Amino acid sequence: MKDLIIQKIKERFADSVIEFSDFRNDLSVLLKKEAIHDVALFLRDDADLKCDMCKDATAIDWARRKNRFTVVYHIYSFKNNIELRLKADLDESDLNTVSLVSVWKSAEWYERETFDMYGINYVNHPDLRRIYLPEEFEYYPLRKDFPLLGIPGSLPLPKSEN
Amino acid sequence: MKREINISSDEKLLKTLKEQSSDFTIEDALENEMIINMGPQHPATHGVLRMVLRLDGETVVAAVPECGYLHRGYEKMAENMSFIEFIPHTDRLDYTGTMCNNVAYVLAVEKLIGLEAPKRAQYIRMIIAELSRIAAHMVAIGTYAMDVGAVTMVMWTFREREKIQDIYDRLAGARFTTSYTRIGGVASDIDDVALKMVKDYLDQLAPALDEMGALLNTNKIFLDRLEGIGVLSKEDAIAYGVTGPSLRASGVEYDVRRAKPYLFYNEIDFNIPTYSEGDCLARYHLRADEVRESVKILYQCLQKIPAGEIIANDPKKVIAHKTEVYSKMEELIHDFMIINQGINPPVGDVFFSAENPKGELGFYIVSNGSGYPWKMKIRSPSFCNLQVLAKLCIGHMISDVVAIIGSLDPVMGEADK
C-alpha cells in the first residue's frame, strides 16, 4: 500500500515532493509548501487512496535551522487503514501557508491551535483566532525562544479591588 | 416561541425601562435574538468549557465553543523534561481514564525507541486499560444521565467506579493519579490478590450493569430527551475528525484496537459495537455496550495472562528497580545516566495513537536524539470531538445543548492540555 501511495504522489507531483521517509513504519512526505493543498486534495479524492480524515495538525519549531518551521498533518484513510504524514517547511521570513480547512474540516481547530502556539499564518482559514490563550496575548508559547517560565506581565491578571 | 409577559404585575420595571430608553419596547426585546454565555463555570459543561450561544427564543441559532480555561501548557512542559518524567503528567490529561493515558504514552515512547515490553507487562497494561475504560464510561454515563435529569444513575455508576479505584490502589498505590506504567513495562507486578479483585469485580459488574440498564433504558424522560437530538451523520463525523464512541455511534466501525492492534488485542476476541442513528441516545447505548465488551476482554485477559517479567531487560532505556540500584554498581551507573541524560532515542518522529474511552489519543513525538523530546504533540480526543459541538447544537433547544455536551463526553483536562 505504501508503495502505491509513494508511486501515485510521485507520478502526479514529481516537482513538489522533496522526500519520502519511513521511520518506525510511519510514512511521511515532505512537500514544497506551495503544493500542500493540491496534494491534500488529491489524497482525499483519489479513489484508491481516500485519505478522508485529518487526525491531527501541528508544527515543529527547529529553532536554528534555515527553514525554521515545519507544518505537519496526520491524515488517515479508512479504506486502506493507513496513516500518512504530510510535512512542509516554512521559513521564518514568510509564515504564510495555505489552510487545509477546505479539504478537511477538522483542520480548523488544529490550525487555530498551531496558530496560537507557533504563529503560523494559515491563508484562507475561516476563523483564525487564538484557541487557548487570550486574544491580547502577544507571544507564541511553543516557539523555542519563548521561555518555559513565561514572560512576566504578558498575561493580564484580574486586578484586585484595592 | 414567545412568552406573554404580564405587564400589570411588573409595572414598576416597565416604567423604568421606558424612562431609560424611549424607543425600546417589550416587543423589541422579544423579537430580538439573545446572546447567552454558558460556562465556563457551568456544571453541565464537564469542567470549564465555555459556549457562547445565540438564541432565538429557546432555539440555538449559532454556537461558539471556547476552550483554554484549563490550559496548562503540557506540550511546552514535555519539551523540558525527560521522557520518564512526563508519565505522571499523562494522568492529568483525561482524569477519568488515567491508566489508558499512561499506557498510550509509554507505547508511543516505546515505538520511538524500538523497545517491546514483555508479554506479561502487555497483558497487565491491557487489564488496566480496560478497567480504566469501564471507569471512564461509568463517569460518562452517570454524569450524562444526571445532566438530563436521572440523578440516581450517577450514584450507581460512581459506586462501580469506586471499586475500580480500589483495584488501582492495590496495583499502583494511588487511586486516582496512578502513573502506573513505565517505559518498557509496568511499575509493579499484578499479584493474585489484585487478580482476584478484578475477577470478583467483573462477576458482580454484569448484574449491576443490567440493573443500571433497567433504570435508564425504559425511562421515558431519559429516552425522550435524547432520541433524535444532536444527530451526527457518518460523513460529518469523519470530516470533523470525531473518533471514539461518538464516531462508532454514527455508524463507522473504527476502533484503533482493531484497526492497528497494539498490546495483544489481536489475541482477544471482542466486538466493536456500532449504531447507525448517530444521535445522543445512540452514543449512550454505545458506551453501555462498550462496557460489556471491556468485561469480555478482561475475562480473556485474566485467563491468558502469562507468567514472566514485567519490565523489559534493556539497562540503557529502562530504569532498574530501586533495590538493584542501591545494591549493584552497574545498575547504579545506568540509573545515574538515565536520570541525568535521559534515554536518548534515535533521531526521528513517530505518531502513535491508542483507543481511549473518549476517542483516539495520539502522541506525536519528535526526537533529536537528546534525552528530552524536541517536540511532543498530544492529539487529544476530547478536543477533536468538541469541534463538532457547534454544528450539533444548531436548531436545538438550549436544554438539549446540555444533552449534546454530555453525549460527546469531553474532559477539559484533555481538551485544554
Practice task
Please work out if B:Thr143 is among the β-branched types (Val, Ile, Thr), touching a helix residue (DSSP H, G or I) at 6+ places or on another chain (Cβ under 7 Å), assigned to a loop (DSSP other than H, G, I, E, B) and open to solvent by 10 Å² or more (accessible area, probe 1.4 Å).
Solution key: no
Practice task
Would you point out which residue out of B:Ile221, B:Ile190, B:Ile229 is part of a helix (DSSP H, G or I) and either of a type in the set (A, V, I, L, M, F, W, C) or within 30 Å of B:Thr323 (Cβ to Cβ) (or both)?
Solution key: B:Ile221
Practice task
Provide a single number: the residues in segment B:101-118 that are more than 13 Å from B:Val186 (Cα to Cα) and either in contact with a helix residue (DSSP H, G or I) (Cβ under 7 Å, 6 or more places away or on another chain) or more than 14 Å from chain A (Cβ to nearest Cβ) (or both).
Solution key: 1
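State all residues of segment B:370-391 that are part of a loop (DSSP other than H, G, I, E, B) and facing chain A (nearest Cβ under 9 Å); if no residue qualifies, say none.
Filtering segment B:370-391 for residues part of a loop (DSSP other than H, G, I, E, B) gives B:370-374, B:380, B:387-388.
Hits for segment B:370-391 are B:Trp374, B:Gln387, B:Val388.
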Exercise for the section: Within segment B:250-276, count every residue that is assigned to a loop (DSSP other than H, G, I, E, B) and either more than 23 Å from B:Ala104 (Cα to Cα) or polar (S, T, N, Q) (or both). Expected result: 6
Practice task
Only one of these is without any contact (Cβ under 8 Å) to a residue 12 or more places away in the chain and either more than 10 Å from every other protein chain (Cβ to nearest Cβ) or open to solvent by less than 60 Å² (accessible area, probe 1.4 Å) (or both): A:Pro147, A:Pro156, A:Pro134, A:Pro141. Name it.
Solution key: A:Pro147
Practice task
Answer yes or no as to whether B:Ile339 is part of a helix (DSSP H, G or I) and more than 14 Å from chain A (Cβ to nearest Cβ).
Solution key: yes
Practice task
Consider only pairs whose beta carbons are under 8 Å apart and that are at least six residues apart or on different chains; among these, list those whose first residue lies in segment A:87-98 and is basic (Lys, Arg) and whose second residue is in a strand (DSSP E or B).
Solution key: A:Lys87/A:Ser28; A:Lys87/A:Val29; A:Lys87/A:Leu30; A:Lys87/A:Leu31; A:Lys87/A:Thr70; A:Lys87/A:Val71; A:Lys87/A:Val72; A:Lys87/A:Tyr73
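This table checks each residue for (1) within 14 Å of chain A (Cβ to nearest Cβ); (2) among the small types (Gly, Ala, Ser); (3) in a helix (DSSP H, G or I); (4) without any contact (Cβ under 8 Å) to a residue 12 or more places away in the chain.
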site: B:Glu324; (1), (2), (3), (4): no, no, yes, yes
site: B:Glu330; (1), (2), (3), (4): no, no, yes, no
site: B:Asp349; (1), (2), (3), (4): yes, no, no, no
site: B:Leu361; (1), (2), (3), (4): yes, no, no, no
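Would you say B:Ser367 is more than 24 Å from the chain's Cα centre (by Cα), within 14 Å of chain A (Cβ to nearest Cβ) and buried (at least 22 other Cβ atoms within 10 Å of the Cβ)? Break it down stepwise before answering.
Details: more than 24 Å from the chain's Cα centre (by Cα): yes; within 14 Å of chain A (Cβ to nearest Cβ): yes; buried (at least 22 other Cβ atoms within 10 Å of the Cβ): yes.
The answer is yes for B:Ser367.
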Handout entry: Residues located in segment B:247-269, provided they are more than 19 Å from the chain's Cα centre (by Cα) and either closer than 14 Å to B:Ile127 by Cβ or of a type in the set (Ser, Thr, Tyr) (or both)
Key = B:Leu263, B:Phe264, B:Tyr265, B:Glu267, B:Ile268
Problem - In segment B:218-241, residue farthest from B:Tyr275 (Cα to Cα) [restricted to those that are open to solvent by less than 90 Å² (accessible area, probe 1.4 Å) and polar (S, T, N, Q)] - result: B:Asn219
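Residues that are closer than 22 Å to B:Glu110 by Cβ, open to solvent by less than 50 Å² (accessible area, probe 1.4 Å), of a type outside the set (Val, Ile, Thr) and more than 14 Å from every other protein chain (Cβ to nearest Cβ): does segment B:280-299 have at least one? If you could, list the steps in order and put the result at the bottom.
First, pick out the residues of segment B:280-299 that are closer than 22 Å to B:Glu110 by Cβ: B:297.
Now narrow it down to the ones that are open to solvent by less than 50 Å² (accessible area, probe 1.4 Å): B:297.
Then drop every residue that is not of a type outside the set (Val, Ile, Thr), which leaves none.
Within segment B:280-299 (the criterion being closer than 22 Å to B:Glu110 by Cβ, open to solvent by less than 50 Å² (accessible area, probe 1.4 Å), of a type outside the set (Val, Ile, Thr) and more than 14 Å from every other protein chain (Cβ to nearest Cβ)), the answer is no, since none of the residues qualifies.
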Handout entry: Near pairs, Cβ below 6 angstrom, 6+ apart or cross-chain, from segment B:192-220 (hydrophobic (A, V, I, L, M, F, W, C)) to any residue that is open to solvent by 70 Å² or more (accessible area, probe 1.4 Å)
Key = B:Ala194/B:Arg170
Handout entry: Qualifying residue in segment A:2-25 (condition: touching a residue at least 40 places away in the same chain (Cβ under 8 Å), surrounded by 18 or more Cβ atoms within 10 Å (Cβ to Cβ) and within 19 Å of B:Arg379 (Cβ to Cβ))
Key = no
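The values are calculated or read from the model by the stated rules, or taken from the named source; none is laboratory data. What you see is a predicted model, and the numbers here were worked out from it, not measured in a lab. Here Cβ is always computed from backbone atoms with ideal geometry, including for glycine, and neighbour counts include all displayed protein chains. Note: accessible area is taken over every heavy atom of the protein model, side chains too, but ligands, DNA and RNA are not part of it. Shrake-Rupley method; radii C 1.70, N 1.55, O 1.52, S 1.80 Å.
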